[in-house]
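To start, the structure itself, in structure tokens.
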Amino acid sequence: MSTEGYGLELNILIIGVGGQGTLLSSRFLGDVALRLGRDVKVSEVHGMSQRGGSVETCVRIGENIASPIIDRGMADVVLSFESVEALRALDYLKPGGTVIMNTQEILPMPVISGTAVYPENVPERLKGGNYNVISLDALGIAESCGSPKCVNVVLLGVLSGTIPGIPEEVWLESLKNVVPAKLLDVNLRAFEAGRKQGGNETKV
Amino acid sequence: MKELLLGNEAVARGAWEAGVHVVSSYPGTPSTEITETLSKLSSVYCEWSPNEKVSAEVAIGAAIGGGRAMCCMKHVGLNVAADPLFTASYAGVNGGLVFAVADDPGLFSSQNDQDSRFYALSAHVPMIEPSDSTECFEFTKKAFELSEKYDTPVILRLTTRVSHSRSPVEVGERKAVPKKPYVKDIQKYVMMPGMAKKRQAIVKERDRIMSEEADKWIKLDNPGRKLGIITSGICYQYVREVFPDASVLKLGMIYPLPEKAIKEFAASVEELLVVEELEPYIEDFVRQIGIPYVEGKKYFTPLGELGTEKIRQAYYGAKTPAAAPAESSGLTVSDAPMRPPTLCPGCPHRGVFYTLSQLKLRVTGDIGCYTLGAAAPYKSMDACICMGASIGMSHGMEKAEAVAASEALGDAEGDNIRGTVAVIGDSTFVHSGITGLVNIVYNKGASTVIILDNSITGMTGHQQNPTTGKTIRMEDTYPIDLTQLCKAVGVRRVRVEDPFDLKGFRAAVLEEIEAGEPSVIIARRPCALLKGVNYGRPVTVDADKCRRCGACMRLGCPAILKTDAGVAKIDRSLCVGCEFCVQMCRFGAIGKEQEGGCVK
């Protein structure tokens, strides 16, 4: 990951459960990249998976991006909206990369119906590998900021805190550009709350 | 100004700037956002039509009348629109006519993985294929000119990864294009045998001329290398990454294929590959024109989508291992439980499928969110083929039973069929279910059809349809009355039921399957994701009253969980408060959450 002179090179895999607002995150990151004058490609998943399935979105920022897809071992950051989804995306992360994860657990139907098991203590057990983990209760933070729907913006705030060298105004301008005007205040609070957590890699 | 546009948004922008007058489409992933985007722009007429055939006919009419027109659909939608397409190819156009067709390699949201390129080949309609959002924008603009210049419909072929990827696009302004004068021309536009035969010859000649045009749509990277790769669309982007040093012939027009350019390219390299998703469409052509040493499907699977990793592994094999992923000290990816899509909390279809699974009926299904009724825990769908098929299939199943019964052969061993019902959504019913219902009435069937009326086209992301009373631009319009419609085609037994009224709905289904004549149950309750739907606070479980019987769990609601002690528990971050589960509890343990979180 390099941000020198805004020469941002970054592959971010966003993963979550359909309906959690992952698409807004990728639009936001794309907007940031454009403001920095970088090339960017975003690959989104629409359609059936959005009905409660596992949803992956790739964001690739660089000088000249060809494929919109992130392969295994290629992601600098996995941004996960749900606990076990972070685990699901782990193969995409490169050694030395960073997992930013919401500790919220949303049980998949096979777990609810008893045919599969949801592993315990996923955030803790993900630590100790050859990569960094930032885990936080983004849902709790979003609720305390005024809306549980701001989980995505809390996580984006965390991400922004881990990427040095980009002026805060750039992030905020992009945020203003992608969230509806009437929801800007709550989203700004959520972003700031997340941003404070970024870089504190021992936070559980 | 550069904007970060989805491929679909860029197609819309290109069409708009090209002055398109009329756009008519039926929603279908991954094509839906083209028409949605256009409907938010000024000066263009946009509509959702009942199905792709109608949308194509509207666009053809607009084009013959002299306007620039477009219809947009997913790959299987082109099956529905194929009839008008094949003959519009003969008639040609007046104003430019573009079919935007999005394939879904890898079946992200589709029932099959068909390759639309063969439609271009067999309908003799030029097809162009962009590889990113900028090309989506530019190719769409050029498509209208191409259509007018060569007097033909043009197919813009997209795939999921092009339609649903964003990349920067330099957009401009709309150029108002005057409608072309309409001149009556029976020989050209009335396709009877005598006229069509003459047009057929013109189409053949057009193919020949267009093959030369196709030479202008190529892009050549790194000429003169040993390894040469022919590719198009999204695969071009993958090839750029996997083979940065190879010579690449990128094709923009994929029907007709540029024979001359391909021959020249083939002669300039030592090893020739074709990288394409799905069928060996380009590869077969390259062989056909006398280049036997080409390879493609020998390496690259025809199943699903390709990608840089797949292409790299298929070609280099163990020589170039994939990048090493991060390694966890504790958990591995295989420890993550599967997360298949599921009916949302508050989904009205849950009431229907819970009831049908309880009654153990045979259910023919259809295309929409409600296809998830086939998944656990309901497993209450027996077959699903295509839009509208549920109704015809249930009729066929019942006729097969009837013949067996009349020949006194009884049920085949183990059949044990209690009854068959067809389930179909409101939008899908209007798309192509109505004719199935007409068939049941006309041919003295006795099927029960359940129309799942959730007041919207759900799966594709909430589009209006002829039953909702709103147009694509949210203007008020005449809503088709499903009850009146079913009665008008001759169904005497039509009733509206609430799928969340478990007792009432179950009784209605039992009554109608015994009726011995065609019947329709309209299961009416709006999609829980609609803006106007607000059930208020979530429900909660009184742990003291819960007897751990698990009845509520059988609803398969993602918000209803079980604690380690076996007591039901509501995930209040997911519960929408629909209270459907309340009636499942015989012990009164589930109730609306009050301020402070207690049961009322």
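The values are calculated or read from the model by the stated rules, or taken from the named source; none is laboratory data. Predicted model, so just to flag it, every value in this text is computed and none were measured. Ideal geometry is used to build each Cβ from the backbone, glycine not excepted, and the neighbour counts take in all protein chains shown. The protein model used for the area step is the full one, side chains on, heavy atoms only, and it has no ligands, DNA or RNA in it. Shrake-Rupley method; radii C 1.70, N 1.55, O 1.52, S 1.80 Å.
Per-atom-type breakdown for the range A:1-92 gives carbon and sulfur 41% of the accessible area (1.4 Å probe, protein chains only). Dividing the Cα radius of gyration of the range B:216-316 by its Kirkwood radius returns 0.91 for Rg/Rh. With a 1.4 Å probe rolled over the protein heavy atoms of all chains, the accessible area of B:520, A:111 falls in the order A:111, B:520, largest first. Accessible area per residue (1.4 Å probe, heavy atoms of protein chains only) ranks B:1, B:459 as B:1, B:459, with the largest value leading.
Hey, can you list the DSSP H helices of chain B whose Cα span along the axis is 20 Å or longer and whose average Kyte-Doolittle score is at least -1.0? Qualifying helices, which must be both long enough and hydrophobic enough, are B:75-91, B:133-150, B:389-406. Hey, got a sec? Which GluC sites (Glu not before Pro) in the range A:1-84 land in a DSSP loop and have at most 10 other Cβ atoms within 10 Å? Listed in order of number, the matching sites are A:63. For residue A:137, the amide hydrogen comes within under 5 Å of the amide hydrogens of A:103, counting only partners 5 or more places away or on other chains and with H modelled in the peptide plane.
Close amide H contacts of residue B:21 (hydrogens built in the peptide plane, cut-off under 5 Å, sequence separation of 5 or more or a different chain): B:68, B:69. I need the shape label for chain A. Rule: rounded when a/c is under 1.5, else prolate if a/b > b/c, else oblate, with a, b, c from the alpha carbon gyration tensor. Rounded. For the range B:349-445, with all protein chains in place and a probe radius of 1.4 Å, 56% of the accessible heavy-atom surface sits on carbon or sulfur.
Take chain B with all the other protein chains still there, run a 1.4 Å probe, and you get 41 Å² of accessible area per residue.
Once all protein chains are placed together, residue B:441 keeps about 40 Å² accessible to a 1.4 angstrom probe. The Cβ shell under 15 Å around residue B:523 holds other residues with a net charge of -1, Lys and Arg each +1, Asp and Glu each -1. Counts of other chain beta carbons within 10 angstrom of each beta carbon in peptide A:84-94 average 5. At the residue level, residue B:385 shows approximately 100 square angstrom of accessible surface with a 1.4 angstrom probe and all protein chains present. When the accessible area of each residue in the range B:150-168 is compared between its chain alone and the complete protein assembly (1.4 Å probe; ligands, DNA and RNA ignored), which residues differ by at least 30 Å², being lower in the assembly? Listed by number, the residues meeting the 30 Å² cut-off are B:161, B:164, B:165, B:166, B:168.
Working note: 222 nm ellipticity from helices only, DSSP H runs with n ≥ 4, each -39,500 (n - 2.57), summed and divided by the residues of chain A, gives -10500 deg cm²/dmol to the nearest 500.
Packing around the peptides B:103-112, B:156-165, B:529-538, A:23-32, taken as the average count of other Cβ atoms within 10 Å per residue, puts them in this order, highest first: B:156-165, A:23-32, B:103-112, B:529-538.
Ignoring lysines fewer than eight residues from residue B:175 along the same chain, the ones with Cα atoms less than 21 angstrom from its Cα are B:2, B:40, B:141, B:142, B:149. Would the range B:2-191 count as rounded, prolate or oblate if I go by the C-alpha gyration tensor, calling it rounded below 1.5 in a/c and otherwise prolate when a/b exceeds b/c, oblate otherwise? Judged from the Cα gyration tensor, the range B:2-191 comes out oblate (a/c at least 1.5, b/c at or above a/b). Surface exposure of chain A, expressed per residue as accessible area with a 1.4 Å probe, stands at 35 Å². Per-residue accessible area (protein heavy atoms, 1.4 Å probe) orders B:549, A:150, B:344 as B:549, B:344, A:150, starting from the largest.
Amide H to amide H, with H built 1.01 Å from N, residue B:562 comes under 5 Å of B:569, counting only residues 5 or more places away or on other chains. Using a probe of 1.4 Å on the protein chains alone, the accessible area found for residue B:139 is around 20 Å². Solvent-accessible area lost on pairing B with A (1.4 Å probe, both sides summed) amounts to about 5000 Å².
Pairs from the list A:41/B:74; A:149/B:74; B:379/B:569 with a Cα-Cα gap above 26 Å: A:149/B:74. Helix-only arithmetic for chain B: the sum of -39500 (n - 2.57) across DSSP H runs with n ≥ 4, divided by the residue total, places the mean residue ellipticity at 222 nm at -10000 deg cm²/dmol. When GluC sites (Glu not before Pro) are flagged only if DSSP places them in a loop and at most 12 other Cβ atoms lie within 10 Å, the longest unflagged stretch of chain B comes out as B:1-172.
Derived scalar couplings between HN and Hα for the range A:129-141 equal x, 8, 7, 9, 10, 10, 10, 7, 7, 5, 5, x, 5 Hz in order, rounded to whole Hz, by the Karplus curve 6.51 cos²θ - 1.76 cosθ + 1.60 (θ = phi - 60°), x for Gly and Pro.
Over all Cα atoms in the range A:1-120, the spread is summed up by Rg and Dmax: 15.0, 52 Å. How would you classify the protein assembly as shown from its alpha-carbon gyration tensor, with a ≥ b ≥ c the square roots of the eigenvalues: rounded for a/c under 1.5, else prolate if a/b is greater than b/c, otherwise oblate? The shape class here is oblate. In the range B:1-15, the residues that give up 30 Å² or more of accessible area when the other protein chains are added, compared with the chain on its own (1.4 Å probe), are B:4.
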